[in-house]
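Report on one structure; see the data block that follows.
The values are calculated or read from the model by the stated rules, or taken from the named source; none is laboratory data. Only a predicted model underlies this, so the values are computations on that prediction, with no experimental measurement involved. Using ideal geometry, Cβ is built from the backbone for each residue, glycine included, and neighbour counts are taken over all protein chains shown. Note: accessible area is taken over every heavy atom of the protein model, side chains too, but ligands, DNA and RNA are not part of it. Shrake-Rupley method; radii C 1.70, N 1.55, O 1.52, S 1.80 Å.
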Amino acid sequence: MAKGMMIIDGQRVSFDGEKNVLSVIRKAGIEMPTFCYYSDLSVYGACRMCVVENEETGKIDASCSMEPRNGMRIRTNSARLLKHRRVILELLLASHNCNCTTCEKSGHCHLQTLAQQFGVRRIRFEDTRERYEIDNTSPAVLRDPNKCILCGDCVRVCEEMQGMGILNFAYRGSSAQVMPAFDRKMAQTKCVSCGQCAAVCPTGAITVKNQIGEAWRAIHDPKKRVVIQIAPAVRVAVGEAFGIPAGENVLDKLVTALKLMGVDEVYDTTFGADFTTIAESEEFLERLKNGGPFPMFTSCCPAWVKYLENENPKYLKNISTCKSPMEMVGAIFRDKYAEKDAQDGRTTYHIAIMPCTAKKMEAARPEFIHDGRPDVDLVLTTHEVIDMMQETGIQLNELELESPDLPFGLGSGAAVIYGTTGGVAEAVVRHCLPDKSKNALREISILGLRGDAPIKETTVTIGDTELKLAVVNGLANARKLLKRIDEGEAFYHLIEVMTCQGGCVGGAMTVQNPYIAKARLQNLKRYLPVTQNWDYRQGGDAVPADCLTPEGIEYSPVSQLDSDRAAAIRMMGEIQRIRETLPDLDCGSCGAPTCQAFAYDIVRGEAKADQCIVRMRERIKAYLESAEKTDCPACRRARTGGAPAFYSSIGQEAAI
């Protein structure tokens, strides 16, 4: 890696392995404005806000895409740079829906922050862009194309972190947009509702679906008994918004705040996590006894389950039949409060506070709806709860402490670590161990299952069996691991998969930026006691039967080629044939994110092959070459007018 010394604004700054000039500038204590730069994603360099000026040549370039060189002299703040940044912001605002006071991102919008920072108070340019329809079909996120600034953050996080490629650029120039293939609704795509696109979006173009209004209506309804469960990762994420150090456990203060807001009872999801651990451990031991099926996948992450449904249904049988901790608690509450509701005439309304946008999707799944009502009526994200507390004027840091209600307000240390990647696998191994002494459990904690590495592997011996375990976070990494399993390169008995980086603490609505989760992991570990799972056996089964889904998850494809299998196989062959004729550029100009998706849409009749811009160019070239050999009026116009004459000769519809 390169080493050397740079001069930044007259200050000597050394660099040692920094991949770009922007990193060196930040090392010098200068915060450069950016819209499209994230250190864990590829460099895009679209926003041009991080431009710097070379003192020797006067050249202006984006610092995110510049390699540091020894002796380089740059300025980060000059009259030219200030003018450029202000004009960029003004142009972005001119093509932006500026209803800031009612925007979901108001106060957290990076465009709004930078416009105020650089003193942009008026816009000289007229907004001539077309107004687009808002897409609210997803159960988790809302997409407003009118607020998109084309930074590409959502495109890269969806492709590079999750490997999904749901969003991509379409069209060119002033017509460019970010959209799903052929501008489909989000509900018509294979989106898993992880919400990472909303987490990185600097404006209100993609936001988490806001359900605060529904929560307030339930709380203020005297005929409803509102009970709330709080996920482990939430307790270390709420405090920062109220001046409490990041990562500090504020569960007891949060309970007090919710009671002041009018909530009747508050419980801890760790109770359900312990049930999940017990049930999952017993299922795992049963699979060891019966010889499979392996690997057994954890079922706590709803985005992961949705991914397998859409992309790899052959592994659905490998998912644990246990419900997630949230749905475990939902099933228990449904039974517990049924009799109480009949006695006092009130209806129990169950709200879950989660770090995860996919939990909104999970709560609406048909297998978790009974008698027309979901087991969990509403899911609020961490940010939504923060907004509700700020609405009521609650100062969290000044509140007294109040513990969660009993009997569902207690949980073990093994349940608390569900909030980190590797926590579920570690909890299962803890429960399966015959020796549950403190020393044995401490040995498990240093096996390497925790931590934020994308893929972790380890072995542990239970009895006479050596078990192979894997822990993955990020769907792109899960896809790599599945490929290794498919090709026979790897075998595991148990695999834990979390969609978000770092696990639930990296959930889209736990932190403003998902990459801050790495630092927060270290804070969370301070609150993890080394303890075994509780054993709830009291003369009966440990886990109620309705906390399981023994029938398994059924394959439910988003889009099906044909209900007839033979016809679908023929269409797959046609897709492959068309795919081989396409240029393999994945440029998005046709409206599809990839050439593979474009071939799929052609076969389904939703696109035409001529929409490929490369094939269109080949057609134009072939026509112009043939025009040289003929003498018809249209060909004479083509020879003299080139491509524009071609369009008028054969018709706009044929060309497009």
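Remarks
- Segments classed as helices (runs of 4 or more DSSP H), wholly inside region 68-164, with at least 1 members that are open to solvent by 20 Å² or more (accessible area, probe 1.4 Å) and out of contact with any Leu (no Cβ under 7 Å at 6 or more places or on another chain): 79-94, 110-117
- Residue within region 251-259 that is under 30 Å from Cys100 (Cβ atoms), out of contact with any strand residue (DSSP E or B) (no Cβ under 8 Å at 6 or more places or on another chain) and modelled with pLDDT of 90 or more present: yes
- Within region 468-486, the residues that satisfy the criterion of being in contact (Cβ under 8 Å) with a residue 60 or more places away in the chain and not in a helix (DSSP H, G or I) are Ala470, Gly474.
- In region 592-625, the qualifying residues are those that are open to solvent by 60 Å² or more (accessible area, probe 1.4 Å) and within 22 Å of Ile569 (Cβ to Cβ), and the one that is nearest to the chain's Cα centre (by Cα) is Gln596.
- Residue within region 204-224 that is under 30 Å from Gln611 (Cα atoms), among the acidic types (Asp, Glu) and either in a strand (DSSP E or B) or open to solvent by 10 Å² or more (accessible area, probe 1.4 Å) (or both) present: no
- Of the criteria (1) surrounded by fewer than 19 Cβ atoms within 10 Å (Cβ to Cβ); (2) assigned to a loop (DSSP other than H, G, I, E, B); (3) touching a residue at least 60 places away in the same chain (Cβ under 8 Å), which one Lys259 fails: (2)
- Residue list for region 1-55, filter: in contact (Cβ under 8 Å) with a residue 40 or more places away in the chain, aliphatic (A, V, I, L, M) and within 24 Å of Gly506 (Cβ to Cβ): Leu22, Leu41
- Residue in region 166-187 that is part of a helix (DSSP H, G or I), modelled with pLDDT under 90 and among the hydrophobic types (A, V, I, L, M, F, W, C) present: yes
- Filter result for Phe275 (closer than 18 Å to Ala231 by Cβ, among the aromatic types (Phe, Trp, Tyr), in contact with a Cys (Cβ under 8 Å, 6 or more places away or on another chain) and modelled with pLDDT under 90): yes
- Flag if Gly292 is assigned to a helix (DSSP H, G or I) and not aromatic (Phe, Trp, Tyr): no
- Scanning region 426-466 for residues that are under 26 Å from Lys480 (Cα atoms), out of contact with any Leu (no Cβ under 9 Å at 6 or more places or on another chain) and either at pLDDT below 80 or surrounded by 13 or more Cβ atoms within 10 Å (Cβ to Cβ) (or both) turns up Ala427, Ile446, Gly448, Ala453, Pro454.
- Residue within region 228-249 that is open to solvent by less than 20 Å² (accessible area, probe 1.4 Å) and on the phi > 0 side of the Ramachandran plot present: yes
Yes/no matrix, rows are residues, columns are (1) hydroxyl-bearing (Ser, Thr, Tyr); (2) more than 21 Å from Thr421 (Cα to Cα); (3) open to solvent by 50 Å² or more (accessible area, probe 1.4 Å):
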| site | (1), (2), (3) |
| --- | --- |
| Ile278 | no, no, no |
| Met296 | no, no, no |
| Cys301 | no, no, no |
| Asp341 | no, yes, no |
| Met354 | no, no, no |
| Ile369 | no, yes, yes |
| Gly372 | no, yes, yes |
| Val376 | no, yes, no |
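- Region 307-339, residues that are part of a helix (DSSP H, G or I), polar (S, T, N, Q) and more than 24 Å from Glu282 (Cα to Cα): Asn310
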